[in-house]
Ligand SMILES: Nc1ncnc2c1ncn2[C@@H]1O[C@H](COP(=O)(O)OP(=O)(O)OP(=O)(O)O)[C@@H](O)[C@H]1O
């Protein structure tokens, strides 16, 4: 484990009325203590997970469009608006790692081709693989250990079976190869990783939550157990509203 704490430098915040400080979870952030090698960030869409993850990537000097320290390429991806306003506490500091953004992975794959770095990603162009296959190639070939990995919705391209494959890779890297993961995720499969801690960004604050208390677990479980009733209730209330 490397990153132990994320602190919002409150005295430097210019205004809580503008992005990113206007996001309720960020506004109420003081210190986030990280206690285990695998940490998940969960919460409703727009609750601030990517904003915080991007800020951490920025402080790590990773390309905020996706990549590590040595991946320089231009992109339309946003600047890390929060990066200058957080402090990272390390023990020890690590500079090796990777920031995965599912949405700009295409541009990252082009960058790998352009700089002739395919060998580091399994030898084949990431563009010549399916979206999910290219994610798995990245995890298998590039994630070697002694590093911090910041992943924004890594499940985006992965089938349930491949999510399990990724879970195993991540678990082993954390347990045996001195790796830390901070992951924004909506996947009830990944969130179930043993030993992981989950922080919820819902209800205007960032707080630790149990796997079984997440919406991801509860809604998925209820849906699978009561699919017909669930759909009937949702669809009939939709009809009443129209
Ligand atoms: N560049 C920006 N300028 C202004 N507002 C922004 C900007 N980027 C994001 N926001 C807003 O900040 C809020 C948090 O966005 P963020 O992307 O961090 O959410 P998230 O929790 O990662 O959501 P999701 O689960 O949908 O990925 C959203 O309401 C979003 O519209």
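Per-residue ellipticity at 222 nm, computed for the chain from helices alone with -39500 (n - 2.57) per DSSP H run of at least four residues, works out to -10000 deg cm²/dmol. Relative contact order for the chain: 25 percent, from Cα pairs under 8 Å spaced at least 6 residues apart, divided by residue count. Based on the alpha-carbon gyration tensor of region 78-123 and its eigenvalue square roots a ≥ b ≥ c, which shape applies: rounded if a/c is under 1.5, prolate if not and a/b is larger than b/c, or oblate? It is oblate, given that a/c is not under 1.5 and a/b is not larger than b/c. Estimated translational diffusion coefficient (Stokes-Einstein, Kirkwood radius over Cα pairs, 25 °C, 0.890 mPa s) of region 144-204: 201 µm² per second. Share of pairwise Cα-Cα distances greater than 27 Å in the chain is 38 percent (whole percent). Residue separation of residue 237 and residue 9 scaled by 0.36 nm, minus their Cα-Cα distance, works out to 77.6 nm of gained length. Select from 230, 99, 139 the residue whose mean-square fluctuation is largest in a Gaussian network model of the chain (Cα-Cα springs shorter than 10 Å). Among 230, 99, 139, the largest mean-square fluctuation in the Gaussian network model of the chain belongs to 230. Translational diffusion of region 82-178 was estimated from the Stokes-Einstein equation, with Rh taken as the Kirkwood radius over Cα pairs; at 25 °C and 0.890 mPa s the coefficient is 169 µm²/s. Comparing Cα centroids, region 1-44 and region 165-242 end up 20 angstrom apart. For residue 177 and residue 203, the FRET efficiency from 1/(1 + (r/R0)^6), where r spans their Cβ atoms and R0 equals 30 Å, is about 0.25. GNM, the chain, Cα, under 10 Å: largest mean-square fluctuation among 38, 148, 86? Ranking 38, 148, 86 by mean-square fluctuation puts 86 first. Averaging Cα coordinates gives a centre for region 81-100 and one for region 106-160; these two points are 21 Å apart.
Relative to the current alpha-carbon distance between residue 229 and residue 140, full extension at 0.36 nm per residue lengthens the span by 28.0 nm.
Based on DSSP, what percent of beta bridges with both residues in the chain are antiparallel, to the nearest 5? The antiparallel proportion sits near 40 percent.
Just so you know, all these numbers are worked out from the coordinates, no wet-lab data involved. Predicted model only: the values in this text are computed from it and were never measured. Counting neighbours? That spans all protein chains shown, and the Cβs are built from the backbone with ideal geometry, glycine included.
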